[in-house]
Structures are given as C-alpha cells and as structure tokens.
Amino acid sequence: MRVEAEQLKAFLLDSGLVNKKQLEQAEKAIKASPTQSLEEALISAGTVKPEEITKLKAYILGIPFVDLEEEKIPPEVLHIIPEPIAKKQNIVAFKKTDRNLEVAMLDPDDLQTIEFIKKKANLRILPRLTSEASIKNAIRQYQKSLQAEFGEIIGDKTKELTTISAGPIENNEPAKEELEKAAQDLPIIKIVDTLIKHAILQKASDIHIEPMEKELIVRYRLDGLLHEAMTLPKQIATGVVARIKVLANLKLDEHRLPQDGRFKVEDENYKISFRVSILPVYDGEKVVMRLLPENSQGFTLEGLGFWGRNLEILHRHIKKPTGLILVTGPTGCGKTTTLYTVMDIINTPEVNISTVEDPIEYRMPRINQTQINPKIGLTFANGLRSLLRQDPDIVMVGEIRDDETASLAINASLTGHLVLSTLHTNSAAGSLPRLLDMGVEPFLIASTVNCIEAQRLVRRLVPESREKYRLEAAELKTITDEIDTKKVLELLREEKIISSEQGLEDVDFYRPKATPENPEGFKDRLGIHEVMEISEAIKELIINRANDDAINKQARAEGMLTMMEDGLIKAARGLTSIEEVMRVTQE
C-alpha cells in the first residue's frame with residue numbers, strides 16, 4: 001500500500017501540481033541530501049503543500065482523505081483509541097456507525113495498530129488518510145476542559161493547600177519560608193501547570209491572574225479580547241503568585257515593587273517563552289504572562305494582511321540600503337511581528353543585522369539581538385550607540401522612547417544604515433510631529449524617513465461561521481463620512497468584488513454567525529494597515545512643521561489608504577466584519 005517514488009512523480013505531473021522543471025530541481029535537492037524523500041524535497045522548496053501531497057497519495061492508494069482541522073470529534077468516539085496510542089502512532093477515531101469505526105491516520109501501512117484497535121474495540125476499522133494538522137487538532141481534543149480539570153484539582157484539595165492570609169499587601173507580608181513552601185505545594189504546581197497548558201491549547205496571547213477581595217480571577221486574551229477562564233479560591237492566590245515567581249526566577253519576598261521575568265515551556269508540539277510581569281495591587285499581586293511562541297515560523301507580509309500598494313511600498317523601501325522605516329500603533333497591535341517579518345525577508349548571509357530590544361520576543365537565527373537592561377545602564381540609547389560600532393548593515397531598535405534614541409536612530413540612518421523601529425502613535429502621519437516633539441530637526445526627519453506604517457489587529461472571520469448582509473442607509477452614511485468613497489469603490493472594482501455600475505450599497509459584507517464549533521464566528525487575527533511613503537510634498541510639509549492633519553491629507557491625496565479603508569476592503573472580501581474594523585479604528 002506504499003506509494004513508490006516513480007508512481008508519485010507520474011501522478012504529480014498528471015495532476016499539474018508540479019512541472020518537469022520543479023521535479024528536476026527536487027531531484028537535485030535529493031542528490032545533495034539523500035536522506036530526504038521526493039515529497040520532503042517538494043514541500044521544503046514550497047512547490048507543493050503537505051495537504052496536496054497527502055490528498056494525491058490518498059487518491060493513488062484508493063483510500064478516502066479526511067480533513068479534521070476544524071472538526072469537533074464526539075468524546076465517546078475519540079476515546080475509543082487511547083491518547084498514548086493516538087499520539088505515538090498518529091491515528092485517531094473520528095466517526096462510528098453501527099459496527100464500523102472510521103480512523104484517520106498518517107500511515108495506512110500501519111496494519112499492526114489497525115489490528116490492535118480492531119481487537120480492543122471489537123469493531124470493523126475503516127482507515128482514512130489525513131494531514132498532520134488534522135491529527136494535531138484531534139489529539140488536542142483529548143484534553144479535558146479547564147473547568148473539569150480544576151474541579152478535580154480544587155474540589156477535593158483546597159483543604160490541602162497552604163493558606164497564607166491575604167489582604168492589603170503592605171499590612172501582611174508572608175515570610176520567605178512560607179512562600180517557598182506554598183510554591184512547592186503539589187496542588188499549587190498542578191493549578192499553575194493547568195492554567196499554562198490550557199492557555200497554550202486555546203492559543204491565548206496573554207494570561208491575566210487578578211486578585212480580588214474574595215477570589216482569584218483568571219482571564220485569557222484570545223484574538224485580542226479578554227475572556228474569563230476561571231474563578232479560583234482566594235486562599236491559593238499567594239501560592240499561585242509564588243509558584244510563578246519561582247518559574248520566572250523572581251524575588252519571592254518582594255511584594256511592594258513590580259517585577260519582570262521570563263521562563264520557557266517546551267514539549268514535542270510547542271516551544272513557548274513566557275514574559276512575566278508582576279504588579280502590586282490592593283488585594284495582592286496581579287500577574288500578566290505574555291505567551292511568545294518561539295517555533296512560529298513562516299510569517300509573510302501577505303499573511304499579515306499587506307496587499308496591493310501597501311505591499312509594494314514596503315517591499316521597495318526594505319530593499320534600500322539606508323533610511324528609517326517606522327511601524328506605529330498602540331501596544332499589542334502586532335508591530336513587533338511586522339518588524340520580525342521584515343527582518344526575516346532581508347536576513348541574508350550578505351548582511352549583518354543587529355537589534356536592541358526590550359524584551360527580545362523571538363529568537364532569530366543569524367541576527368545579533370541585544371536585550372536592554374536599564375538597571376545596569378544598558379538603555380536603548382546606550383545599546384544603539386555601542387551597536388553602531390559593530391559594523392551593522394541593518395539596525396532594529398525595539399522602540400523609540402526618548403529624544404536621545406530618536407536622535408541616534410536618525411543619525412544611524414544618515415550614516416549608511418537601514419534602521420527599523422516602532423513608535424506609539426495612532427496613525428502614520430502622527431509619527432512625524434511625535435519625532436519633532438522629541439527634538440529631531442525637521443530637515444533630518446525629511447531626509448531620513450523612508451516610509452511609516454501604522455496598523456491595528458482585527459479578528460478574522462471563519463468562512464463556515466459567517467453570513468452575508470448589505471449596509472443600510474444610516475450605516476452607509478456613517479462609513480462614507482470617514483472614507484474616500486471614490487478610491488474605495490475603484491479598488492473594489494479592481495478586486496472584482498463589484499461591477500463598474502455598482503456602489504457601496506451593493507457590496508456583500510459579512511458578519512459572524514454562531515455555530516456549535518465556533519460560537520463567536522472568529523478565529524485568529526489579521527492586520528489592517530496604512531503605509532505612508534515620504535514624498536517630496538510631504539518632506540516640504542515636515543520642514544514647515546505642519547501638523548498631522550495636513551500631512552495625512554497630503555498622503556491621502558497621493559493615494560494612501562487609511563486603516564479604515566483597508567479594513568473596509570478586507571470586510572468586503574469576507575476576511576473580517578465592519579464592526580471589527582470600526583471597533584479598532586474608531587472606538
């Protein structure tokens with residue numbers, strides 16, 4: 001039942017998935033690295049997707065292919081195959097009818113496992129071929145719900161927990177020995193581990209642990225919005241905070257000052273770095289942990305939501321050898337991800353890329369990353385000054401926070417470096433007056449800044465959980481007051497979303513529709529962007545110290561799409577909803 005390499009070649013050519021030239025390149029790659037198979041060579045070159053190969057193999061073998069990536073499997077069916085066997089053999093049960101059990105697997109040749117399941121379940125086994133992503137989704141479903149796990153941990157064991165009296169932190173400070181004992185309590189360790197595990201499974205970006213007067217509230221940030229995950233007994237609050245301090249290597253007996261730290265969690269499926277921030281509040285200490293997946297590779301500018309003119313401008317300017325590129329927006333809007341994606345594109349053996357960051361969010365190969373440490377005098381400004389003696393071609397400064405860093409970044413871009421950085425401003429045009437406020441001379445800004453990109457993140461609609469609708473007159477008026485309607489209609493016609501005779505009232509927009517699999521209708525997030533290129537006219541305005549309204553007006557006259565206009569076009573494509581765009585741009 002195995003597909004031979006020659007057989008796979010013939011079917012790949014017949015199906016049109018690859019051409020002869022691509023096949024020859026794959027064969028050259030196999031000669032250079034004989035351990036890899038034909039399909040591995042094609043996938044690593046990006047010629048075909050893993051799912052396409054799997055579907056083709058299923059067709060050749062005459063075995064049905066199933067996609068379980070979004071499938072919710074009934075627990076009673078899933079648990080027919082024990083979790084350890086499902087994980088080890090990459091096989092899951094997903095459908096049972098009468099005496100038949102359909103199983104999805106990666107290797108249909110694994111007859112031994114099929115025979116074992118047949119004897120154990122006393123059912124007729126029907127093998128189906130599937131993808132790795134489908135298997136991972138199914139195996140995730142073995143996990144108990146957070147509520148169920150905590151019911152087990154807390155229901156019987158609250159009395160076992162080390163209780164440390166809580167109250168206003170300045171009046172009640174437990175001894176260090178008490179805290180160490182609390183942090184080592186088995187139920188406390190299990191509670192913290194379970195909170196972390198479920199945050200990873202739900203793809204949360206942050207965990208908030210907040211002490212109240214009589215309880216401890218745990219919230220997860222999912223796709224940009226906070227959701228309450230669990231309410232825990234107040235008596236375990238100090239133990240939970242102590243356990244997190246132990247993990248992040250922080251001072252156990254420091255309760256009056258904020259603390260920051262890091263730790264990592266790894267298994268065969270993920271490697272995640274946790275950035276920990278602890279802040280004293282009236283009822284104890286609030287903990288926020290940011291999850292930073294270290295193995296999330298392969299971001300592209302297109303995948304982040306860039307397209308058309310915005311994409312062209314960004315690609316043109318990141319190829320320039322000198323100048324300053326700024327990414328702006330509020331905290332948590334994906335600025336760092338955009339910068340890392342840009343660095344990944346320009347990260348070639350011919351250039352030296354160095355960064356000064358606070359904190360280093362993702363480790364990148366062949367990039368020299370420096371973590372700032374103000375306690376010992378290593379600030380952005382000092383780090384950047386030293387870094388420029390390291391002969392970099394490209395410099396990334398995590399954030400321009402003060403006059404000195406702004407001045408150094410501008411000077412670095414003047415002296416033959418491409419500088420990438422971020423600013424906290426609400427729009428692209430707002431960055432220029434901000435630099436002026438920092439004391440940078442207007443003529444220096446005009447001669448160094450290449451382009452400025454501003455962004456927000458909107459939740460992405462799930463295609464199966466959305467419904468069409470058209471805007472009513474009142475909604476149309478609200479939107480047309482904020483956008484350049486003529487420009488938006490031109491782009492909608494170019495994208496073939498509407499015909500030349502139709503207007504905005506004829507556009508099919510989408511909104512979320514609750515389904516059992518996806519009650520909110522959203523999954524993951526997408527960027528909406530505005531990219532402002534510094535033209536001669538804008539340089540003139542900067543030199544004359546024009547305000548951000550005048551600069552924005554000129555940029556729009558030159559063709560810049562605002563974030564709202566970019567979001568509106570993405571909403572018309574069905575990628576997000578108008579309410580999401582309004583939420584992040586207007587509220």
Open item on the list: Among the residues of the range 524-532, are any assigned to a loop (DSSP other than H, G, I, E, B) and not small (Gly, Ala, Ser)?
Closed with: no
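For the range 426-445, which positions are free of Cβ contacts under 8 Å to residues at least 12 places away in the same chain and outside any helix (DSSP H, G or I)?
So the first thing to find is which residues in the range 426-445 are free of Cβ contacts under 8 Å to residues at least 12 places away in the same chain, and the list is 434, 437, 441.
The one that is free of Cβ contacts under 8 Å to residues at least 12 places away in the same chain and outside any helix (DSSP H, G or I): GLU441.
Every residue, every condition in (1) in contact with a Leu (Cβ under 7 Å, 6 or more places away or on another chain); (2) over 28 Å from PHE299 (Cβ atoms); (3) not hydroxyl-bearing (Ser, Thr, Tyr), yes or no:
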{"site": "GLU6", "(1), (2), (3)": "no, yes, yes"}
{"site": "GLN25", "(1), (2), (3)": "no, no, yes"}
{"site": "SER44", "(1), (2), (3)": "no, no, no"}
{"site": "ALA58", "(1), (2), (3)": "yes, yes, yes"}
{"site": "VAL66", "(1), (2), (3)": "no, yes, yes"}
{"site": "PRO82", "(1), (2), (3)": "no, yes, yes"}
Task: Matching residues in the range 365-399 - criterion: being in contact with a strand residue (DSSP E or B) (Cβ under 8 Å, 6 or more places away or on another chain) and either basic (Lys, Arg) or not in a strand (DSSP E or B) (or both) - done: ARG366, ILE372, PHE380, GLY383, LEU384, LEU387, LEU388, GLN390, PRO392, ASP393, GLY398, GLU399
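Going by what's in this entry, would ILE191 be described as open to solvent by less than 20 Å² (accessible area, probe 1.4 Å), part of a helix (DSSP H, G or I) and at pLDDT 90 or above? Please lay out each step first, then the result.
Values: open to solvent by less than 20 Å² (accessible area, probe 1.4 Å): yes; part of a helix (DSSP H, G or I): yes; at pLDDT 90 or above: no.
Spelling it out, it is not the case that ILE191 is open to solvent by less than 20 Å² (accessible area, probe 1.4 Å), part of a helix (DSSP H, G or I) and at pLDDT 90 or above.
Could you tell me which of the residues LYS496, LYS539, LYS513, LYS570 is basic (Lys, Arg) and within 20 Å of LEU304 (Cα to Cα)? Spell out the reasoning first.
Working: LYS496 fails: within 20 Å of LEU304 (Cα to Cα); LYS539 fails: within 20 Å of LEU304 (Cα to Cα); LYS513 fails: within 20 Å of LEU304 (Cα to Cα).
Result: LYS570 is the single residue among LYS496, LYS539, LYS513, LYS570 that is basic (Lys, Arg) and within 20 Å of LEU304 (Cα to Cα).
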- [ ] Kindly indicate whether any position in the range 539-547 is farther than 25 Å from GLU302 by Cβ and basic (Lys, Arg).
- [x] yes
- [ ] Within the range 422-437, count every residue that is out of contact with any Leu (no Cβ under 6 Å at 6 or more places or on another chain) and open to solvent by less than 10 Å² (accessible area, probe 1.4 Å).
- [x] 5
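Identify all residues within the range 555-575 that are in a helix (DSSP H, G or I), touching a residue at least 12 places away in the same chain (Cβ under 8 Å) and open to solvent by 60 Å² or more (accessible area, probe 1.4 Å); write none if there are none. Show your work before the answer.
Looking only at the range 555-575, we keep the residues that are in a helix (DSSP H, G or I), and these are 555-557, 563-572.
If we keep only those that are touching a residue at least 12 places away in the same chain (Cβ under 8 Å) as well, we get 555-556, 563-572.
Once the filter is applied, which keeps residues that are in a helix (DSSP H, G or I), touching a residue at least 12 places away in the same chain (Cβ under 8 Å) and open to solvent by 60 Å² or more (accessible area, probe 1.4 Å), the range 555-575 yields only ARG556.
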Open item on the list: Checking GLU69 against (1) within 22 Å of ASN518 (Cα to Cα); (2) open to solvent by less than 40 Å² (accessible area, probe 1.4 Å), only one condition comes out false. Which one?
Closed with: (2)
Task: Single residue of the range 407-421 satisfying the filter (over 30 Å from the mean Cα position of the chain (by Cα) and not aliphatic (A, V, I, L, M)) that is most open to solvent (accessible area, probe 1.4 Å) - done: THR415
Task: In the range 236-272, residue surrounded by the most Cβ atoms within 10 Å (Cβ to Cβ) [restricted to those that are in contact (Cβ under 8 Å) with a residue 24 or more places away in the chain and small (Gly, Ala, Ser)] - done: ALA242
Open item on the list: Step by step: first the residues of the range 501-536, then only those that are in contact with a helix residue (DSSP H, G or I) (Cβ under 6 Å, 6 or more places away or on another chain) and at pLDDT below 90, then the one that is most open to solvent (accessible area, probe 1.4 Å). Which residue is that?
Closed with: LYS513
Task: Identity of the residue in the range 72-86, over 12 Å from LYS96 (Cα atoms) and of a type in the set (D, E, K, R), that ends up least open to solvent (accessible area, probe 1.4 Å) - done: GLU83
- [ ] State which residue is farthest from MET564 (Cα to Cα) when the search covers only the range 458-478 and only residues that are surrounded by 21 or more Cβ atoms within 10 Å (Cβ to Cβ) and in contact with a helix residue (DSSP H, G or I) (Cβ under 7 Å, 6 or more places away or on another chain).
- [x] ARG459
- [ ] Filter the range 202-225 down to the residues that are in contact with a helix residue (DSSP H, G or I) (Cβ under 9 Å, 6 or more places away or on another chain), of a type in the set (D, E, K, R) and farther than 30 Å from LYS136 by Cβ, then identify the one that is least open to solvent (accessible area, probe 1.4 Å).
- [x] GLU215
TODO: Could you list all residues from the range 438-456 that are more than 16 Å from ALA412 (Cα to Cα) and crowded, with 24+ Cβ neighbours inside 10 Å?
DONE: ILE452, GLU453, ALA454, GLN455, ARG456
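Can you say whether ALA93 is touching a helix residue (DSSP H, G or I) at 6+ places or on another chain (Cβ under 6 Å) and either part of a strand (DSSP E or B) or loosely packed, with under 14 Cβ neighbours inside 10 Å (or both), as far as the supplied structure shows?
Working: touching a helix residue (DSSP H, G or I) at 6+ places or on another chain (Cβ under 6 Å): yes; either part of a strand (DSSP E or B) or loosely packed, with under 14 Cβ neighbours inside 10 Å (or both): yes.
Yes: the conditions hold for ALA93.
The values are calculated or read from the model by the stated rules, or taken from the named source; none is laboratory data. Computed from a predicted model, the values in this text were never measured in an experiment. Heads up, the Cβs are rebuilt from the backbone with ideal geometry, glycines too, and the neighbour counts pull from every protein chain shown. Just the protein is used for accessible areas: all its heavy atoms, side chains included, with ligands, DNA and RNA removed. Shrake-Rupley method; radii C 1.70, N 1.55, O 1.52, S 1.80 Å.
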